[in-house]
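**Q** Please read through the structure below; I'll follow up with questions.
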């Protein structure tokens with residue numbers, strides 16, 4: 001990197017390389033590459049971290065969503081309500097169960113599913129709701145639960161960006177019937193490839209997912225109780241996740257500290273900054289600002305050597321595979337659509353320095369003079 005450049009993400013800045021190498025070597029020596037003690041240990045340890053009774057490791061965050069929805073009884077003919085502001089995997093998982101995604105708008109402050117819009121979207125076909133902890137901000141779990149209980153809906157949380165987030169004193173992972181995590185390498189807790197997990201307090205949901213992830217097999221290799229999938233978590237990924245889990249709280253604390261530095265650097269641009277709810281501890285997987293001239297700001301930062309990304313330039317219902325599910329009422333998803341036009345993700349990762357944050361702040365000040 002040239003002097004003064006600020007990368008968007010530096011995975012190497014916080015990698016415990018020696019510990020990871022030792023963990024991989026242990027798996028290689030064991031000869032157990034699928035399932036086995038490393039997977040079981042990670043499941044137990046991640047359940048303890050979140051406070052959930054059960055954790056089931058799977059092959060990705062997307063398979064976690066699909067498995068959790070299926071385990072909650074979602075299928076063809078059902079509707080599943082979710083946020084219009086999310087990554088496409090949320091909606092794709094719903095579609096792949098045979099259900100229909102129903103998009104609702106976001107709360108302007110939290111950028112998560114708006115509970116006030118949720119009740120209005122329920123129909124006799126609604127089976128579940130998938131709140132999304134976008135950017136690491138936990139959705140309003142209590143309000144969503146009250147509505148879900150009123151209409152007898154399952155709650156399957158998409159927490160792919162919220163490892164270490166806290167809502168009203170409870171860690172993300174315990175706030176829904178099932179909570180789905182991605183361990184893609186760039187996540188707060190990232191594997192060395194694809195991996196995911198579902199946490200739940202419901203033993204029935206956990207057992208259904210365990211069977212589905214391994215071709216529906218039961219107690220023996222040659223038994224089969226359901227037409228399942230190959231969604232297994234491999235042992236090398238589990239071993240590496242165990243290593244990184246020991247550092248997760250430290251990394252999430254660092255993310256919050258860096259977000260605080262940004263708050264001081266950019267305090268003069270109040271409308272730019274994210275505004276977490278007072279009752280949550282944001283996981284800050286991403287630090288996303290908003291500006292009506294987002295594209296201009298991004299170009300100016302690039303010229304200054306600051307890398308940025310956009311999460312996400314279109315709301316899900318504006319993406320080609322999901323346009324057919326967009327509501328007919330104009331403006332009903334205006335919050336998500338406006339966020340897509342204005343959002344800009346600034347660099348934030350463990351190992352980032354105060355000098356780098358100051359450099360970003362200087363670049364913003366030069367682009368947006370007061």
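Coordinate-derived values only; no laboratory data. Computed from a predicted structure; not experimentally measured. We place every Cβ from the backbone using ideal geometry, glycine too, and count neighbours over all the protein chains shown.
**Q** If you build a Gaussian network model of the chain, linking Cα atoms that sit under 10 Å apart, which residue out of 355, 195, 121 swings the most?
**A** Evaluated over the chain, the most mobile residue of the options is 355.
**Q** Can you order the peptides 328-336, 225-233 by their average number of other Cβ atoms within 10 Å per residue, highest first?
**A** With the highest mean Cβ count within 10 Å placed first, the list reads 225-233, 328-336.
**Q** Something else: Under 17 Å from a point 7 Å along the Cα-to-Cβ line of residue 366: which residues of region 260-277 have their amide N that close?
**A** Inside the label zone: 266.
**Q** Which residues does the label zone of residue 309 cover in region 337-370, counting backbone N under 20 Å from a point 7 Å along Cα→Cβ?
**A** Flagged as within label range: 339-353, 356-357, 360-361.
**Q** Once you've got the GNM for the chain with C-alpha springs shorter than 10 Å, pick whichever of 158, 222, 194 has the biggest mean-square fluctuation.
**A** Among 158, 222, 194, the largest mean-square fluctuation in the Gaussian network model of the chain belongs to 222.
**Q** How much mean residue ellipticity at 222 nm does the chain get from its helices, if each DSSP H run of length 4 or more adds -39500 (n - 2.57) and you divide by all residues, to the nearest 500 deg cm²/dmol?
**A** -12000 deg cm²/dmol, from helical runs alone.
**Q** Hey, fewest Cβ within 10 Å first, where do 244, 341 land in order?
**A** Least crowded to most crowded, the residues run 341, 244.
**Q** How many nm separate the modelled label positions at residue 278 and residue 256, each set 7 Å beyond the Cα in the direction of the Cβ?
**A** In this crude label model, residue 278 to residue 256 measures out at 1.7 nm.
**Q** Calculate the length of the line joining the C-alpha centroid of region 163-240 to that of region 303-370, in whole Å.
**A** Here the answer is 29 Å between Cα centres.
**Q** Using the basic label-point model (7 angstrom from Cα toward the beta carbon), what is the residue 221 to residue 150 distance in nanometres?
**A** My value for the distance between the label points is 5.3 nm.
**Q** Let me ask another. Based on the mean of other Cβ atoms within 10 Å per residue, sort peptides 181-188, 306-313 so the most packed one is first.
**A** Result, highest mean first: 181-188, 306-313.
**Q** Test of understanding: what is the full-extension gain from residue 32 to residue 269, defined as 0.36 nm times their sequence separation minus their Cα-Cα distance?
**A** Taking residue 32 through residue 269 to full extension adds about 80.0 nm, to one decimal.
**Q** Expressed in nm to one decimal, what extension gain is obtained for the pair residue 19 and residue 168 from 0.36 nm per residue of sequence separation less their Cα-Cα distance?
**A** Computed gain between residue 19 and residue 168 is 50.3 nm.
**Q** Can I ask one more? Please order 142, 105, 10 by the number of other Cβ within 10 Å, starting at the fewest.
**A** 142, 10, 105
**Q** Next question, about the same structure. Which of 281, 342, 250 moves most in a GNM of the chain, Cα contacts under 10 Å?
**A** Taking springs between Cα atoms under 10 Å, the residue moving most is 250.
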